1. Could you sort 38-44, 88-94 so that the peptide with the highest average Cβ count within 10 Å comes first and the rest follow in order?
2. What's the ranking of 73-81, 95-103, 21-29 by average number of surrounding C-beta atoms within 10 Å, highest first?
Amino acid sequence: ALQLEEQQRSSSQNLVWMVATDSPLLKKWIQETYGREQGRQVLATTSRGKHSRTNGDPSTRDFAEAIIDWMLIGESNVVVTAEQFTFGGTAALRTARPYYRAEPHQCLRVPLIKDLAIPRRLKHARTTNFSAV
């Protein structure tokens, strides 16, 4: 993530890391470890991650927290996540953001959508907008 930050940083730009995790301890560690650097702000949502717990019944609030995190992740300039998690991947896919998998000492770019040829008839098709009433 630090390598990506250097690539994204301009001399006048302050960077913001938005941390979304199910682990309150990991959230706190990231904020304390990486939030002290000049020019970087590390924010975390108040999501408790209860939507992903297998014990108990998640409430509407739990799912709302998850959706808010998902929407915010999708609005990021770059999404970095661990390989086994798909939450960040689907958020990045929603807005076609660059998606990276964290590896020891590097982040690897993961293509989310393959470049597929669009059939000619679809390129020139009319678009119809529908509204729900």
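Values in this text are rule-based calculations from the coordinates and carry no lab data. None of the values given here were measured: they were computed from a predicted structure. Positions of Cβ are generated from backbone atoms using ideal geometry, with glycine treated the same way; all protein chains shown enter the neighbour counts.
1. Taking the mean over residues of other Cβ atoms within 10 Å, the ranking is 88-94, 38-44.
2. Final packing ranking: 73-81, 95-103, 21-29.
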